[in-house]
Structure formats: structure tokens, C-alpha cells
1. Positive end of the charge dipole of the protein assembly as shown (Lys, Arg +1 and Asp, Glu -1 on Cβ, about the Cα centre): tell me which of C:250, C:172, B:230 has its Cα farthest that way.
2. On average, how many beta carbons from a partner chain sit within 10 Å of the beta carbon of a residue in A:106-112?
3. Full-extension gain between residue B:294 and residue B:135, please, as 0.36 nm times their residue separation minus the C-alpha to C-alpha distance.
4. So what is the diffusion coefficient of the stretch C:16-59 in µm² per second by Stokes-Einstein at 4 °C and 1.567 mPa s, using a Kirkwood Rh over Cα pairs?
5. At 7 Å along the Cα-to-beta-carbon direction for both residue A:20 and residue A:331, put a label point, then send me their distance in nm to one decimal.
6. Between residue C:99 and residue B:271, with labels modelled 7 Å along Cα→Cβ, what's the label distance in nm to one decimal, could you check?
7. Could you run the Karplus curve 6.51 cos²θ - 1.76 cosθ + 1.60 with θ = phi - 60° over the stretch A:86-102 and give me ³J(HN,Hα) per residue in whole Hz, x for Gly and Pro?
8. Give the Cα extents of chain C along the principal axes, in whole Å, largest first.
Amino acid sequence: MQPVLTVENVEAAYRLPNAQEVRAVDGVSLSVMPGEVLGIVGESGCGKSTLASVLAFTARPPLRIKAGTLAFDGQRVPLTESERVPSDWRGRLIALLPQGAMNSLNPTLRIRDFALDVLRAHEPNVDRRVAVERARERLQQLSLPPRVLDSYPHQLSGGMKQRVVAVISTLLNPRILIADEPTSALDVSSQRALVHLLLELLERRIITSVLFISHDLPLLSNVADQIAVMYAGEIVELGATRQIVRTPQHPYTQALIRSTLVPERTIQGRRIEGIPGQPPDLRKPPPGCRFHPRCPHAMERCTRERPPLELIDGGRVACWWVFERLRVVPSREGSDA
Amino acid sequence: MYIAAAPQTRTTSRRHPLAFLASVLRLGGIGVNTRFWISIGLLGAILVFGLLGPIVLGKRDPLRIVGGLYDPPSSKVWLGTDNFGRDVFTQLMYGTRTSLTIGLIAGAVATAIGVVIGTISGFRGGMLEEALMGITNVVITIPSIVILILLSIAIASRSVVVMGLIIGITSWPWTARAVRAQTASLRAREHLDIARLSGAGTLSLILWDIIPYMLSYIFMAFVLQFASGILQEAALSLLGLGPSNTISLGIMLHWSLLWEAVRTGAWWAFFPPTVFLTIIAFALLLLQSSLDEIFNPRLRRK
Amino acid sequence: MTSRTALLEVEGLTRRFGSGRNVVTAVKDVSFTLAPGEIVAIVGESGSGKSTLARLILRLLPPTAGTIRFAELGDVTRLRGGQLRRYWQHVQAVFQDPFATFNQFFTVRRFLLRSLGILDDPPQGTARDKAIAAALQAVGLEPSDVLPKWPHQLSGGQRQRLMIARTLLLRPRLVVADEPTSMLDASLRVTVLNLLAELRQHGTSILFITHDLGQAFYLADRLLVMYQGEIVEHGPVEAVLSAPRHPYTQRLLADVPRLGEGRTALTTSEHLTPHHFSTSS
């Protein structure tokens, strides 16, 4: 089976007013198979949202794409030349559910006007009645009350708003939905309902694949088939969800899993340690492995050389400590950084 | 997909009569930055003319008689003379200075009163708000020109400062209402809760937690009141109720109308002050409209 | 409910918003007590009234009915002005949104100095600087680094830690923590919860408000489950966890994301139907 979306070696940076560069995404390669949910997990400021806007073609200055190619349905375009991106990819075939989408709805417009706006953006001549009817049908199909179309945003709860925005963003049946932190402002019950909605969109073949970006590994582990762990603009581990959760290799992934709080007797009265320190300042990332200042296993080599992303047991890991433990000889040498 | 940005501060283009003109300027099709710098350039030129002019060209008395009735412009009197034979160019320099001073005082007084009444009533709410807004609404319904005329007659000697005060005291209600609305929307912010829990009293909350958050808004309101103050001074002076023993752009117009400069073709007596008033008001409104857009990205054209 | 040892005693607390036909009862007849040194969690989804309850207890919002009693201060429900100040010397807060709780025009130093204003006899001079430095170090912030900074120069996690440093500095007897972690990354939550747990070692009680039972279990001794403005279940954490009685508690428990192994884990439960539970149990 061919991946529906493949990106290779994406580099994107923000240019600050003082001409400094913040390398938010640095050499990221990913592919998404049809029917698959690919999860991307990482802390705030690790470049997740930047990657989302690059993949959804919504990157605007001061964010600049410096390198990378994107292949969609077998057609490859360089990301640096935005004019070569076919116009129906943007928003039509690859749709973005941006972070905080539910809070940026225009408070003076009803939900049905928002649906009309979304449809008009790609089908300028669509009739108002037809558009509302399509939105109504879609909501019914997904067991959401169609009367929300007549409501104003403030009349809906946060969870309902987010679900409605998700449904309307997918009215045009995009092939790929990029959901950027869709659940982070919701309570646990609404989180679960939204996740269900996305999975139902997939099962009904309304969308082909989902790229689900979140800082919440437990949540992600219940949605994603594959998980990519991002740290400081790079992917440090990538693999099947089961593998990431059961046998995490990278110390960062391990720390993320250790800091999970579940309502089970095991955590009560026990002290769980968070990850010490802060994510690095991407204006001047640390040399070598970017995680080394916070890593309990850091070795001398980690401070000097950047570990490559190596294939290990079907997954991919970038960590000298793992390579040494498993006696893996990297196929390409680590780069001095 | 279209998602409107959430409003940050509400636009000042409501309620104030001059704000309508400012919103018309926004439709001009010129970029925000261009408009901002045009307005700064115009205001700068006017200020240099009014403040530095008398210093560079040497102090002259604008009320001194140097020629006859409506002498046309010449190398000696660059813009001719007025009906009393006084130098129009010198009058223009000092008149601009007077008009700007009165506008500045009026704008500052109106803004100060408006901010005090607006923040207190918006912050405290309840009976105090009802009472203060009641007063405000009464002042708003009385045409300010009537108060101005009555006050101007009542006060025998009207200095520049007194004129500014009179105009300021009658034009604060608009600012008070706008500031009250802003304060009420800021009142529920969480940083105020933390400040309350830190023992901050009402004055401290208003001064440090409310006003800094609407400084940009207050400044725009001030610019609008400044422009409006200059135009009100011109209107009063035109009626002969301007400041005594000095010259202003409005007083120049007053005399030129009385001595029929239009009919006699003495364009130099009425045209320059009209142009100056227009430029000052235009520049201030342009500044206000561009600032409004800089502070409210929602208004920016896509 | 009346125990002489209680630090906080809430009885019949009710708050209604609006009037006439639009009246909404956000908090309905809530009663509970909190002992010195105890951590009690109030758990509920958004809109359950738990944040309104927090503001009522903090006396930032007047209640419609009911009483709040606090240790030797007695009935604090109607306190005003200077007396309220006395109450706030003992009761402080950590709020949800680390971006909204800071006055953006104050540096960290000025923010902390202003906070000391609630104390009758705040430390002065070097004693004050030492106290501030100690509080910041206790939450893992470097004083010389953060004191001159503006709030926008700090990350969300740093700001929440700063809020906890503020409570350490003021040493209140009760901290009301309203969703202190919900806007933070999952990986930072544990750190903030651990800091709150350390507050208890200084004798501070905590009222911890959250939508996440996982966090409540980790931190709290006792649970109050809130649904539509009412407490529908309460008890020690262990008991509620092992045998949740109210269907709403059961659902909250089921909704906490646990580490799964792909999407099969979710498809068994149905969550797209609107849920309504009787609140009369």
C-alpha cells in the first residue's frame, strides 16, 4: 500500500525581527498510510504546531520553509515553492483543524454561516440552502444534533463547539485532516467525545487519514496507530503505538510515559517525577542530542554528536544511549552539530 | 476557512461624531503604515511651523499693524494683511500655536475627566455607576455649543487656558462612556482577582490593573478629543467668543467674515486659516484611524 | 458536618446567576468541610459549577445563600474591606489560565512585592529578598533569572510555578487551586502537582479543582464529585476509586485517558450520546 502523504526532510524557521532564526522544525520526515491515524506528541514549543502549518500549507512569514518535499497521492512537490502546490490540496484535500479553532469562531455569526463560509471557500457558487442542508446531513450522520446550525457559538459548550468545528472543517471530505491540539482546552469527557468523532469520520471514509497532534500521550495512545515523538524540532522516536507505549526506547519517550497520571491504585501515595528542566531555546539549541541537558543517561558523545534516526525493531529511534545498549551501529554517522 | 480574530479592544469608531470621519478615512485604500506616517509628517510640519516659526523668524507681535486694509501678498508681507492691516503670515504662525494649545488642553481635560468618571463607574458598578452615567447622559444631551456660549459670555476675560478648560469640561462624556464600557469588560479578568487577593484596593486596581490595559484606547480617544477641541475653538471664535487679546485660526476667520474678505476677493485673509484647520483635523483623524487599525488588527484589510 | 477541628466549613452554599426566566443555578446547596493539612479535590466537567464554587470560597463572588466558616475567623460569608483582607491572609489561590492571571505590565519582582501587600507585617529589606529567593528556588526557578522578567517572557509552566511560589511566600493556611494544570502540557502537570503536594508539608490545606480524576487521585485525600452544581458523590479517594456509586463518577472515571495500544481501546464505550444523570442520589 502506498502512503497517502509523505514528507521528507522538512526544515522550517521563524525569522525574528533581529534577524535571528528559530529553527522550529529541523529535518522531519513522516509518512501517513490510508486509514491511519498518525499521532505526533511533544511539549509546547517543540515544533508540533509549526509542522502542522507547514503540512497544511498555512505557513506565513515570519515562518519560512527552508527545505523539504511533500508527496500526496504519488505527486511530489518541493515545499519551498508554494506556487507549485496544486490549489485543491490547500484546505480541500488536506484540511487543518487549527489549535483553538473553537474559540476563534466569529461570535456574531451562526454556525450555519460558518459552514457556508467553509464551503464557499472552495465552491464559490454553492447555494446557501444546499450548503446548510449538507452540513445538516453530515451532523445527523455523526449523531450530532443538527439544530446547532442555528446557534451562535456562545450557546454551545466548549466540547460541542469543537466537535461542530471538526465536522464542518471536514464537509468537503478532505483526504487528510491535520488536527492540531484539538482536545487540549477540553475536559476529559469532551476530549473522549471528540476523539470518537474523528475516528468515526475515518470509519465512515469521510476522511482517509488523520494527523493528530497532542501533548497528551495517554490520549494519543488511544487514537493513533503510529506515534511520532517530537523534541525540539526533531523526531526522536517513531513507531507503532503499542511499541511506543510498551517498550519506549528514547529516554524522552520513557519520561513522558512515566509522568502519566491514571486513576489507579498504583499512583496513589507514590511520587511520580516530571521531566526536569525546560525544553531548549530553539534560537540556540544545545549541541549534539538536543535532549542531553535533561537526559538521565546522557553520555559524553551525546553532547557532541547528533544521533541519527535509526531503524530498531521496526520503529525508529535517535539516541546514542539506545544504540550503545542494543549494540546498534548507525548506518550513517552522526553529524557534528 | 474563515475565522475572525477575537476582538481585543473595541474600536473607538463609535459614538463620537468625528469618529465617523475617521472611519471614512479607512476606506481610502492607503495602507496603515503609509497613513500613519503621512499623519505624523503633517502634524510634525504644523508643529514646527507653529512652535519653531516664531523662533526662527524672530518674535513678532501678531496684533501689530504693519499695513493697510487687505494688502495683497508681497515680499514684505508674505500672505498680505488682514482688515486691520496686520500681517496674516505672522497671525497664522501664532494662531496655529493658540489653536493647538487650546485643542491640547481641551483634549487633556476631557480625557482626564472622562477616564476618571468612566473607570470609577465601570469598575464599581451598582448605584455609583447609575448616578455617574446619569450625569454623563444629561451632559451629553445638552448641545455643547450652548454651554460653551453661556460659559464664554459669563467669563469676562477668556484666556487660552480658560478656553481650553471650557471646551474640555463640556466634551468629556463621550470619553467617559467609552472608557466605562472598556473598564466593565476588563473588570472580570483573572489578574484582577490575583491583585484583590494581594490586598490591592480600588485605586490601585484601577491605576495598575485597568488603565494600563486600555492605554492605547485612551490615547486614541485623546487624539479624537484633541481634533474636536480645535474645531470647537474655531466654531466659538467664528462666533466672536474666542480667546481675548490673542489670535487663533478661528479668530482670523471671524474677522475675515466680518470684513467681507470673501466678497472683496481678499483670499489670503480666509483661505490660509481654513486650510490649516482642515490639515490639522485631517492629520489627527488620519492618526486616530491608523492607530485604531494598528491596535485592532481585526480592522486590517486582508 | 460540624467538627471543631475543621479549617473550612461550607454549608448550603448556593449561587444563582441571572434573573427571571434566565436564572441559572451554578452552585446548588453545596456543603463540605476541610480539615487542616487536608487535600480535597472537587471533580467535575466544565460547566459543573466547580470554578464558581472556587470563586465563592475565595470570596471573590458573593453567594446567593449559604455560609462559609473559616477556623477562628468564624462566618466569613459577609466580610468586607479590611476583614476580607484578614481572610485572604489565610486563603490564597492558583488559577487555571497562567496567561490571564498575570498583570502583563508588572515584572515578576514587582508582582511578588505587590503580593506581599496582603500581609500585615511583610518582611523588609534583605529578609524580604531572601524570602522571595527561597520561594522561587523551592519551585525550581532561579531568582536572578526570573525576577527582572515580564510575564510574557515566561512559559506557561514557569508561570504556574511562579503562582505557587507566590503562595509559598504568603504561607496561607488554605490554597484554592482551580484547574492549575489544565492548560499545561501533560509532562509538566506532575511537576506542578508535586509542588502543590509540597505545600502541604508547610501545613497548607488544598482545595484542588479539576476535571481529571487521574490528577485528583494522585494528589488528594478526599474527593467531591460535582455535577450540575451539586455534589453527587463524596468520600475518601480510595473508596470512590474502587467503588464509584454515581453513574456520573463512573463515566468521569472511564473518560480519563489511560495509556492504550491503539484505537481499539476506545471503540467499546459509547460517548456520542448526550448524557443526563439524576442528581438526586
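1. Selected residue: B:230.
2. On the way: counts 5, 3, 2, 2, 0, 0, 0.
Across the residues of A:106-112, the mean count of other-chain Cβ atoms within 10 Å is 2.
3. Details: separation 159, 0.36 × 159 = 57.24 nm, distance 3.31 nm.
Full extension from residue B:294 to residue B:135 adds 53.9 nm.
4. Values: Rh = 12.2 Å.
Here the translational diffusion coefficient equals 106 µm²/s.
5. Going from the residue A:20 label point to the residue A:331 one covers 3.8 nm.
6. In this crude label model, residue C:99 to residue B:271 measures out at 5.7 nm.
7. 3J(HN,Hα) across the stretch A:86-102, in whole Hz: x, 5, 7, 6, 5, x, 8, 8, 10, 10, 10, 9, x, 4, x, 4, 5.
8. Extents along the principal axes, in whole Å: 59, 48, 38.
Bear in mind that the values in this text are calculations on the coordinates, not laboratory data. Since this is a predicted model, take the numbers as computed values, not measurements. Here Cβ is always computed from backbone atoms with ideal geometry, including for glycine, and neighbour counts include all displayed protein chains.
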